[in-house]
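To keep things clear, I will list the structure first and then write my remarks on it.
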Amino acid sequence: MIKNIVILISLLFLTALFTYAHPPNTCLVVAISDGDTITCLMVGNKSVKVRLEEIDAPEKNQPFGKKSKQWLSNLIYKRRVSLKISGQDRYKRTLATVYYNGKNINLEMVKSGMAWAYNQYLRHPVYLYAQEKAQTKRLGLWAERSPIPPYEWRKQEKKYGF
C-alpha cells in the first residue's frame, strides 16, 4: 500500500515537473511557410503545421509576401512559443493564436502592417483596430498604393492561373 502511494506521488511529481518544463501547448518553431503559417515541433518531436488564426498574410508570390514571411521569421523562428489552439482548418492545419514572451504574434503581424485582419474568420475586433492603425501610419503593406487582400489574390491566381 505504501509502495503504491510512493509510486503515485512520484508519478504526479514527474508529471508536474514535465508540464512545468514544457507547458502542454508549447512548441519550437522550425519553419516559416509564409506570414501566417509555421511548423512547430511539439513535445516528443511531433511536427505540427500551424495557421495563425484571425489574420491573412500576403501569399509568397504576392507583393509583400516575402517581407511578411521574413517579419514573422524575425519574431519567432527557432524560438519556443505558446499556442492557444482553437481547432483545425480545412487543410488539417492547427489553428492557433501564437504567443512569444507574452506577446500575441498574430496581432503583432497586423500591427506592423505585415498581415490583414481576416474578416471572414475574425472573432476579436482588436485585429481590426490594429489594422486601422497600421493603415493610418502606412506601415508595411499599407505603404503600397492599393494592396490586394490575399483572398482576392488567391481568386485571381485560380482564375488566371498565375
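The values are calculated or read from the model by the stated rules, or taken from the named source; none is laboratory data. Note that the coordinates shown come from a computational prediction; the quantities given were computed from them, not determined experimentally. Quick reminder, even Gly has a Cβ in these numbers, built from the backbone with ideal geometry, and neighbours come from all protein chains shown. Keep in mind that these areas ignore ligands, DNA and RNA; they rest on the heavy atoms of the full protein, side chains included. Shrake-Rupley method; radii C 1.70, N 1.55, O 1.52, S 1.80 Å.
Residues in the stretch 96-111 that are open to solvent by 20 Å² or more (accessible area, probe 1.4 Å) and either under 17 Å from VAL30 (Cα atoms) or hydroxyl-bearing (Ser, Thr, Tyr) (or both): TYR99, TYR100. So is LYS67 among the charged types (D, E, K, R), outside any helix (DSSP H, G or I) and either touching a Ser or Thr at 6+ places or on another chain (Cβ under 7 Å) or touching a residue at least 40 places away in the same chain (Cβ under 8 Å) (or both) or not? Criteria not met by LYS67. Within the stretch 59-111, being under 10 Å from the mean Cα position of the chain (by Cα) and of a type in the set (Lys, Arg) holds for one residue alone: LYS84. When the stretch 115-139 is filtered for residues that are within 18 Å of the chain's Cα centre (by Cα) and either farther than 25 Å from ASP89 by Cα or open to solvent by 100 Å² or more (accessible area, probe 1.4 Å) (or both), the ones remaining, listed by number, are ASN119, GLN120, TYR121, ARG123. GLU108 meets the conditions (1) touching a residue at least 12 places away in the same chain (Cβ under 8 Å); (2) over 17 Å from LYS67 (Cβ atoms); (3) charged (D, E, K, R); (4) not in a loop (DSSP other than H, G, I, E, B) in every case but one. The failed one is (2).
The rows are residues; the columns are (1) out of contact with any helix residue (DSSP H, G or I) (no Cβ under 7 Å at 6 or more places or on another chain); (2) at pLDDT 95 or above; (3) of a type in the set (A, V, I, L, M, F, W, C).
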| residue | (1), (2), (3) |
| --- | --- |
| TYR91 | yes, no, no |
| THR94 | yes, yes, no |
| ASN106 | yes, yes, no |
| ALA117 | no, yes, yes |
| THR136 | yes, yes, no |
| LEU141 | yes, yes, yes |
| LYS155 | yes, no, no |
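Checked against (1) at pLDDT below 95; (2) over 26 Å from TRP142 (Cα atoms), PRO63 meets all criteria but (2). Being within 18 Å of PHE64 (Cβ to Cβ), modelled with pLDDT of 95 or more, surrounded by 13 or more Cβ atoms within 10 Å (Cβ to Cβ) and not small (Gly, Ala, Ser): is that true of VAL81 here? Spelling it out, it is not the case that VAL81 is within 18 Å of PHE64 (Cβ to Cβ), modelled with pLDDT of 95 or more, surrounded by 13 or more Cβ atoms within 10 Å (Cβ to Cβ) and not small (Gly, Ala, Ser).
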